[in-house]
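For reference, the structure is listed below as structure tokens.
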Amino acid sequence: MIRSKVCFKCQINKPLTEYYKHEKMGDGHLNKCKECTKKDANQHRSDNLERIREYDRQRGKLAKRIAGNTEITRAWRAEDKRRQQAHTAVAKGLRHGTILKEPCCRCGNEKSLAHHDDYDKPLNIMWLCQPCHKQRHKELLGA
């Protein structure tokens, strides 16, 4: 049985685990390694960014996508009621002017989100941009 093959793109012999599975190929794996496939996909996305973004926007409007997102949101809310209550409290505070949106407290990015370390303290928030917010959640999981 074949355990490795040569990528047609980079010409390097690699084990089959370095190739995506593809049922229509003779050995059941794509002829381009994962690394080269990812490079090509990223290049294609950057070369066609506006067209792909428009496609993504239209795909997000499909009924099955909307239904799936609704179900995910329903499950997210049911998982911890305090979470939704904290988000609602912040939204009300922003709407009434009792809370002012601030830039990210880590990097200063103006596009920031309210982050709660403790949902029992709904107005005790820190403002974080999306990348810093993700990093904060990783820190909390590691703690």
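The values are calculated or read from the model by the stated rules, or taken from the named source; none is laboratory data. Predicted model, so just to flag it, every value in this text is computed and none were measured. Please note: Cβ atoms are built from the backbone with ideal geometry, for glycine as well, and neighbour counts cover all protein chains shown.
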Checklist entry - Within the group Asn69, Asn42, which residue is polar (S, T, N, Q), out of contact with any strand residue (DSSP E or B) (no Cβ under 9 Å at 6 or more places or on another chain), surrounded by fewer than 11 Cβ atoms within 10 Å (Cβ to Cβ) and closer than 30 Å to Arg136 by Cα? => result Asn42
Checklist entry - So, of the residues in the range 76-96 that are at pLDDT 95 or above and more than 19 Å from Met126 (Cβ to Cβ), which turns out to be farthest from the chain's Cα centre (by Cα)? => result His96
Next on the checklist: Filter the range 114-143 down to the residues that are assigned to a strand (DSSP E or B) and under 18 Å from Trp76 (Cα atoms) and list them by number.
Outcome noted: Ala114, His115, His116
Checklist entry - Name the residues in the range 13-24 that are surrounded by 13 or more Cβ atoms within 10 Å (Cβ to Cβ) and over 29 Å from the mean Cα position of the chain (by Cα), would you? => result Lys14
Checklist entry - Regarding Arg65, is this residue in contact with a His (Cβ under 9 Å, 6 or more places away or on another chain), assigned to a helix (DSSP H, G or I) and of a type in the set (Lys, Arg)? => result no
Checklist entry - Residues of the range 1-59 being assigned to a helix (DSSP H, G or I) and among the basic types (Lys, Arg), which ones? => result Lys34, Lys38, Lys39, Arg45, Arg51, Arg53, Arg57, Arg59
Checklist entry - Restricting the first residue to the range 1-12 and requiring it to be at negative phi and without any contact (Cβ under 8 Å) to a residue 12 or more places away in the chain, which pairs with a second residue that is in a loop (DSSP other than H, G, I, E, B) and among the β-branched types (Val, Ile, Thr) meet a Cβ separation below 9 Å and a spacing of at least six or different chains? => result Val6/Ile12
